[in-house]
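The values are calculated or read from the model by the stated rules, or taken from the named source; none is laboratory data. These numbers come from a predicted model, not from an experiment. Here the Cβ positions follow ideal geometry from the backbone for every residue, glycine too, while neighbour counts run over all protein chains shown. Calculation scope for accessible area: heavy atoms of the full protein, side chains included, ligands and nucleic acids excluded. Shrake-Rupley method; radii C 1.70, N 1.55, O 1.52, S 1.80 Å.
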Protein chains: 2
Amino acid sequence: MLSHDVLQALTTALGPDRVFADPETRALYSSDETPRQVMPGAVLFPASHDHVVALMRLAHAHKLPVVARGAGSGNVGGALPVANGLVVSFECMNRILEFDPLNRLMVVQPGVVTEDIGELARTQGLFYAPDPGSGAYSRIGGNLAMNAAGPHAVKYGVTRDHVLALKAVTGEGKTLVTGCRTSKGVTGYDFTRLLIGSEGTLALITEATLKLLPAPETVATLRLCFASNRSACLAVERVMRQPVLPCALEIMDRRSIEAIRPTGTADDLPAGTEALLMVEVDGTQREVPHLVAALKSALNGGEGLLEIREGVTREQAQALWAARKSLSHAVKRYAPLKINEDVVVPVSRLADFIDYLDKLGNLYPFPIVSFGHAGNGNLHVNLMVHPDNTQEMAQAHECLLEMIRTVLAFGGTLSGEHGIGTEKRDYVGLEIQPDTLALMRAVKHQFDPMGILNPGKLFPD
Amino acid sequence: MLSHDVLQALTTALGPDRVFADPETRALYSSDETPRQVMPGAVLFPASHDHVVALMRLAHAHKLPVVARGAGSGNVGGALPVANGLVVSFECMNRILEFDPLNRLMVVQPGVVTEDIGELARTQGLFYAPDPGSGAYSRIGGNLAMNAAGPHAVKYGVTRDHVLALKAVTGEGKTLVTGCRTSKGVTGYDFTRLLIGSEGTLALITEATLKLLPAPETVATLRLCFASNRSACLAVERVMRQPVLPCALEIMDRRSIEAIRPTGTADDLPAGTEALLMVEVDGTQREVPHLVAALKSALNGGEGLLEIREGVTREQAQALWAARKSLSHAVKRYAPLKINEDVVVPVSRLADFIDYLDKLGNLYPFPIVSFGHAGNGNLHVNLMVHPDNTQEMAQAHECLLEMIRTVLAFGGTLSGEHGIGTEKRDYVGLEIQPDTLALMRAVKHQFDPMGILNPGKLFPD
């Protein structure tokens, strides 16, 4: 438990309605999307940058662990509390501070819901490109901390590619101002991108200046059905070998399609469908039909292609996406726990990797369901397990380690968008070399000399 | 002078033909594009990553300053030697190690000439987007160190946006491997982008994995003539308010046009032309004419617009660009020394800034010539001075300081693409706040505890 004095000091700094140490609130903020629960000592709701400075100074003085939290929608435990530490919820710092369409930027507080940014941008013909699956409820601060991404990344990149400047507070309670408001700028080190994806271990972000792009006029959606997982992956190669860059290129494997059959969204798939691709292209009204034609011509004649279906109206496109969207929940029919690894392999190794996953699935008793952002080589590989079955869980961890070694041997990476958090930190040393990792720790120490910012995350023990 | 022992140790590590301490070689490597000269103690020509490790270990052990050098084409002294220190020329590490069109990447050594990357990429329908003006001779290592950019940045971003991974050597001679080969990856801190733009102060880059994009089918060029500097800037606003994003949007002010008149490239400008815009759009053969039409319609009726001329063939486009390209040398007719500041202001302040520059020009005896990447708000403001005239030089420095304060007051930044080097470091403290700057120094110390990597650059004294 936190001492009365510490709670009193926090309450004095932030105000009485911003510090909660009651069991109900602590329980409410004790978990994220991972199947874990850790009770914090208190939950804080700062309303301003100055509040964050004040609480970090106190945390530094008392050596209290601090975990920043947006919506708690992360998959890897990045926002999991530290026992008896502080959780800093950014829910009350949820204002859009500035929208400047001519300079194509928006200044936001970390508690703004991701999709609200895009919605406001669209009123002026602009858009905010990163589109994590959780965008309807995730907060931009969490997106920044984890460098979130979604289907659009294949064309538009990830969160890190769409931020101009940050304001943040270090582990000592010092204010950082990084980047600039212009679309170009090379003054000093790039602390903006260093903070993005650092999972709350370097500083707490209190303000972000986001880059906006002209919104595409229209989007077309293709659904492609394949006779095998491998043929779908080879089609991904065909798409990435030609010049039309889709704004989404998603894959669902055989197990994914089995999972959605009970939901009805697979009813219209042709017989023999074992894998699906969803391909989207955006652009002007005039150009998109030609881009679609070019993609179709690149795909036609490909091994195992059973059908190409095009969504023309918004409703038709939504129907095509229904299968993909129903997936995250549908897979739970296999088992109560989804161990979700969002590994990445080079596009050229995707077919080999999916073959490998098929073989791996045959070696273990639990289903392995794979889907995700194929254009980036970013697969969500889900091991569907029963958390109470100790033997199965031990096998799952053996399987994971084996798979991650293969991903790295293929020239891939541990995580494309979910991050490391608590869940993948044991594997980080397999990817990052010791000297590089030691330097990352040394840099962390400069931002946070007490080691109080999100301890137990990102770095291996 | 370097001691015989040190030279001997370097020669043993690198081989006899890779260490030069003769006066001719040292003189040859004593300067870059700034009007300064500093004699190094020796010039090294490593041929491999291991050579760089070996030389950095020796430099660390003997506390010898190390300055990395590509083509020496930088404008701000980033590659200027430190007196009696080591210059590490990457000329011999000039191989393209891998070209992987399917995964859209190229692995290069730092000594590869920038344009050679694009040329090879184009053989497979791909391109490397960053296009610094010096690309025909600059080396990619210098581009990475300075985060170089060019006209394309308005659509495609800067060097930092096009690098997947790096291999580098720290100030202690340790090997860093950052980033990954896939188009997505969030494992660990983003050291890739931290190293890019760090001006050789953190590590020496020995290998870079560059991101390639599908090459646009075609490009169209428009030349727009305006009756005043301000009306050209207002046209930039018009372009940036509509959805067609040009791949270049360049401005030349009145003084620039005066400068090129003797070259003949201004002969075909309509009477009364006081400012020029060059606008390029790229895309498919089918789409580009429509994009051009949209741009024209956005621009037509704008204040002070005298003429829009379109270049259709490659030759016509080159003729339109002739004026812009002849500029860098043409301005020298005003005075022998060009103090070139590549400041950036928000696009919405460009017109105010150019008005301000007009007024500033009236206060000083030397011409101020401005041109550059207007779509990014990135102006090259050139003070044309006589270096032997002490009074004029003092006035120039007063004028620069006054201008930079205005740029920052407008929400701009010191440099859009040239970097800080020796030339702008006195101003860095005006832009970056003390706590942020102190943390940058602390991070530098972790990469380079002896402070031997490019001392006297980037940071203020």
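When restricted to residues that are open to solvent by less than 10 Å² (accessible area, probe 1.4 Å), of a type in the set (S, T, N, Q) and within 25 Å of B:M278 (Cβ to Cβ), the stretch B:204-228 contains 1. Where helices (runs of 4 or more DSSP H) sit wholly within the stretch A:139-203, those with at least 1 residues that are under 19 Å from A:D448 (Cα atoms) occupy A:140-146, A:191-195. Considered as a group, the residues in the stretch A:422-447 that are more than 13 Å from B:Q446 (Cβ to Cβ) and more than 23 Å from the chain's Cα centre (by Cα) include one that is farthest from the other protein chains (Cβ to nearest Cβ), and that residue is A:P434. All of A:E310, A:E303 fail the test of being part of a strand (DSSP E or B), among the acidic types (D, E) and closer than 19 Å to A:I251 by Cα, apart from A:E310.
Run A:G78 past the list (1) over 23 Å from A:G179 (Cα atoms); (2) over 20 Å from the mean Cα position of the chain (by Cα); (3) within 14 Å of chain B (Cβ to nearest Cβ); (4) surrounded by 17 or more Cβ atoms within 10 Å (Cβ to Cβ) and report the number of the one that doesn't hold. Unmet condition: (2). Annotation note: of B:L383, B:L379, the sole residue that is open to solvent by less than 10 Å² (accessible area, probe 1.4 Å), in contact with a strand residue (DSSP E or B) (Cβ under 6 Å, 6 or more places away or on another chain) and within 14 Å of chain A (Cβ to nearest Cβ) is B:L379.
Which ones in the stretch A:189-220 are touching a Phe, Trp or Tyr at 6+ places or on another chain (Cβ under 7 Å) and farther than 15 Å from B:L194 by Cβ?
Result: A:L210, A:L212, A:L213, A:A215.
Between A:V163, A:V158, A:V154, the distinction of being open to solvent by less than 10 Å² (accessible area, probe 1.4 Å) and not assigned by TED's automatic domain parsing to the domain that holds A:D50 belongs to A:V163 only. Among the conditions (1) closer than 18 Å to A:G78 by Cβ; (2) of a type outside the set (D, E); (3) touching a residue at least 24 places away in the same chain (Cβ under 8 Å), the only one that A:R441 does not satisfy is (3). All conditions in (1) in a strand (DSSP E or B); (2) open to solvent by 40 Å² or more (accessible area, probe 1.4 Å); (3) of a type outside the set (V, I, T) hold for B:S370, with the sole exception of (2). Just wondering, is there one or more residues in the stretch B:192-203 that are more than 11 Å from chain A (Cβ to nearest Cβ) and either surrounded by fewer than 24 Cβ atoms within 10 Å (Cβ to Cβ) or touching a residue at least 60 places away in the same chain (Cβ under 8 Å) (or both)? Yes: one or more hits.
Among (1) away from chain B (no Cβ under 13 Å); (2) open to solvent by less than 50 Å² (accessible area, probe 1.4 Å); (3) under 16 Å from A:L350 (Cα atoms); (4) part of a helix (DSSP H, G or I), there is one condition A:R405 misses while meeting the rest; what is its number? Among (1) away from chain B (no Cβ under 13 Å); (2) open to solvent by less than 50 Å² (accessible area, probe 1.4 Å); (3) under 16 Å from A:L350 (Cα atoms); (4) part of a helix (DSSP H, G or I), the lone unmet condition for A:R405 is (2).
Tell me, yes or no, whether the stretch B:329-341 has at least one residue that is in contact with a Gly (Cβ under 7 Å, 6 or more places away or on another chain), in a helix (DSSP H, G or I) and touching a residue at least 24 places away in the same chain (Cβ under 8 Å).
Checked against the condition, which is being in contact with a Gly (Cβ under 7 Å, 6 or more places away or on another chain), in a helix (DSSP H, G or I) and touching a residue at least 24 places away in the same chain (Cβ under 8 Å), the stretch B:329-341 yields no hits at all.
Selection of the stretch B:408-421 for residues being at the interface with chain A (Cβ under 8 Å from one of its Cβ atoms) and surrounded by fewer than 18 Cβ atoms within 10 Å (Cβ to Cβ) yields only B:G411.
Of the helices (runs of 4 or more DSSP H) lying entirely inside the stretch A:1-64, those carrying at least 1 residues that are aliphatic (A, V, I, L, M) and within 15 Å of A:L453 (Cα to Cα) are A:49-62. Residue-level check: of (1) open to solvent by 20 Å² or more (accessible area, probe 1.4 Å); (2) more than 11 Å from every other protein chain (Cβ to nearest Cβ); (3) at pLDDT 95 or above, A:Y128 misses just (1).
For B:S134, indicate whether it is within 17 Å of B:G421 (Cβ to Cβ), open to solvent by less than 10 Å² (accessible area, probe 1.4 Å), under 21 Å from the mean Cα position of the chain (by Cα) and among the hydroxyl-bearing types (S, T, Y). No: the conditions fail for B:S134. Identify, please: which residue in the stretch B:31-75 is closer than 27 Å to B:V385 by Cβ and over 20 Å from the mean Cα position of the chain (by Cα) and is, among those, surrounded by the fewest Cβ atoms within 10 Å (Cβ to Cβ)? In this case the residue turns out to be B:Q37. Please work out which residue is farthest from B:L126 (Cα to Cα), limiting yourself to the stretch A:232-279 and to residues that are surrounded by fewer than 20 Cβ atoms within 10 Å (Cβ to Cβ) and among the polar types (S, T, N, Q). Only one residue tops the list, namely A:T263. Note on the stretch A:408-432: residues that are of a type outside the set (D, E) and assigned to a loop (DSSP other than H, G, I, E, B) total 13.
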